[in-house]
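In what follows, a single structure is set out as structure tokens and then discussed.
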Amino acid sequence: MKHVFVINPAAGKTNGSETLLPRLHTLFAGREEELEIYLTTGAGDATRFVRERCAASGGEHLRFYSCGGDGTMNEVLQGLVGCANAAMGVVPCGSGNDFVRSFPDCDFSNLEAQIAAEERPIDLIHFNNQWSANICSAGLDSDVCKKMARYKRLPLVTGSGAYILALIATFFSPMGKQAHIVLDDGRVLDENILILVMSNGGFYGGGWNGAPKFNVEDGLMDLCIVRKINRLRILKVIGKYQKGLHVDDPSLQDCIIYTRCRSLTIDFEQPTNLNADGEMSESTHVEAAIVPLTLPLILPKVPQ
């Protein structure tokens, strides 16, 4: 078995490789043949490397550890899916590390626990011909995500802080997306959406709990829709949405839809920003489906 650490030196505010590399060399002292390190060189490079490394594995079991933020994780995921002898781990080093929040009983920063951890299969979302392990979204949140990049590298601004700054900027822009949504069981929703989330995991945007009833291994995709509401009410709703309190609040039932499905299609009237684990695209059409227990995920449990 080979432990392959895919490190994004540009993730976060500092070069994480400067602290990570000495720890890895110490951890693998005396068994250096089990360790492989790759430093990414730019956007898309992690996907290319992982895909090529899988193709050249010769059947050896590979454990790829994404060392960066959610964007790095998403790139590793794209290259890994379909490789029968590979698993994915996550070492959070970025400014946004939302995926790991869905596993509160795991210590993803503990390298010793990582390499000793078992693998557990989880669901994935197949979203417009790409893969998502966490959350896909459209509407206000995707507009926010597109703006987040400019704020992430400001001094003293955390991932959550960048999200809030982007949210404020988006708040004063035109909002609302007309969407025609068809679920796999035949339900049809025609909605003017403020926020639409297709969820496998529970958190995004620096810890916002948009899908509080998530389950990464139930074979279902959670769908949360916040209907378009006026700005004054947005201020009242958004705090509850951030904490995951929006779903069961009786005062919000007129503007919140929360359901589950196995697949869906969405057609927007206008080109719309789409977010899949922090990776942005734009389209008028969405096809999304849950693919059960597709990703072997390394889960470093906290010692009891």
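Using Cβ contacts closer than 10 Å as the measure, can you line up THR41, THR72 from fewest to most? Mind dumping the intermediate values first?
Working: THR41 13, THR72 27.
Sorted ascending by nearby Cβ count, the order is THR41, THR72.
Counting only Cα atoms, the size of the stretch 1-90 along its three principal axes is 35, 33, 17 Å, in decreasing order.
Farthest toward the positive end of the dipole of the stretch 196-245, out of GLY210, ASN230, MET198, is the Cα of ASN230, where the dipole comes from beta carbon charges about the Cα centre. Taking every alpha-carbon pair under 8 Å whose residues sit at least 6 apart, the stretch 2-94 reaches a relative contact order of 37 percent. The spacing between the stretch 201-270 and the stretch 27-99, judged by their C-alpha centroids, is 31 Å. Each peptide in 49-57, 2-10, 228-236 gets a packing score, the mean of other Cβ atoms within 10 Å over its residues, and the list from highest to lowest is 2-10, 49-57, 228-236.
Using Cβ point charges alone (K and R +1, D and E -1), the dipole size of the chain about the Cα centre works out to roughly 980 debye.
Peptides 285-295, 80-90, ordered by how many other C-beta atoms sit within 10 Å of their residues on average, highest first, read 80-90, 285-295.
Considering only CYS54, PRO121, LEU24, and ranking their Cα positions along the charge dipole of the chain that arises from unit charges at the beta-carbon of Lys, Arg, Asp and Glu, the one farthest toward the positive end is LEU24. By definition, a body whose alpha carbon gyration tensor gives a ≥ b ≥ c is oblate when a/c is 1.5 or more and a/b is not larger than b/c, and the stretch 180-304 fits this oblate description. My understanding is that a pair violates if its Cα-Cα distance is over 23 Å; which of LYS146/LYS213; LYS2/LYS301; LYS147/LYS213; LYS147/LYS301; LYS152/LYS177; LYS146/LYS301 do that in this structure? Cα-Cα > 23 Å for LYS146/LYS213; LYS147/LYS213; LYS147/LYS301; LYS152/LYS177; LYS146/LYS301; rest within. Put in order of Cβ neighbour count within 10 Å, fewest first, the listed residues MET221, MET73, MET175, MET148 become MET175, MET148, MET221, MET73. Exposure proxy for ARG187, ARG63, ARG48: other Cβ atoms within 10 Å of each Cβ, ordered fewest to most, give ARG187, ARG48, ARG63. With contacts taken as Cα pairs under 8 Å at a separation of at least 6 residues, the chain carries a relative contact order of 21 percent.
Rounded to the nearest 20, the size of the Cβ-charge dipole of the stretch 2-94 about its Cα centre is 120 debye, with Lys and Arg at +1 and Asp and Glu at -1. For the chain, taking a cut-off of 4.7 Å between Cβ atoms, the unpaired cysteines are CYS67, CYS93, CYS106, CYS136, CYS145, CYS224, CYS255, CYS261.
Using the Cβ-Cβ distance between ILE168 and ALA56 with R0 = 51 Å, the FRET efficiency computed as 1/(1 + (r/R0)^6) comes to roughly 0.60.
Taking other residues whose beta carbon is less than 14 angstrom from the beta carbon of LEU140, and scoring Lys, Arg as +1 and Asp, Glu as -1, yields +4. Of all DSSP-defined beta bridges confined to the chain, some 75% are antiparallel rather than parallel.
By the helix-only formula, in which each DSSP H run with n ≥ 4 contributes -39500 (n - 2.57) and the sum is divided by residues, the chain has a 222 nm mean residue ellipticity of -8000 deg cm²/dmol.
With a cut-off of 15 Å between beta carbons, the residues surrounding HIS3 carry a summed charge of -3, where Lys and Arg count +1 and Asp and Glu -1. Here the extension length gained between LEU21 and ASP105 equals 27.7 nm, from 0.36 nm per residue of separation less the Cα-Cα distance.
Just so you know, all these numbers are worked out from the coordinates, no wet-lab data involved. Owing to the predicted nature of the structure, the values given are computational and were not obtained by experimental measurement. Neighbour counts run over all protein chains shown; Cβ positions are idealised from the backbone, glycine included.
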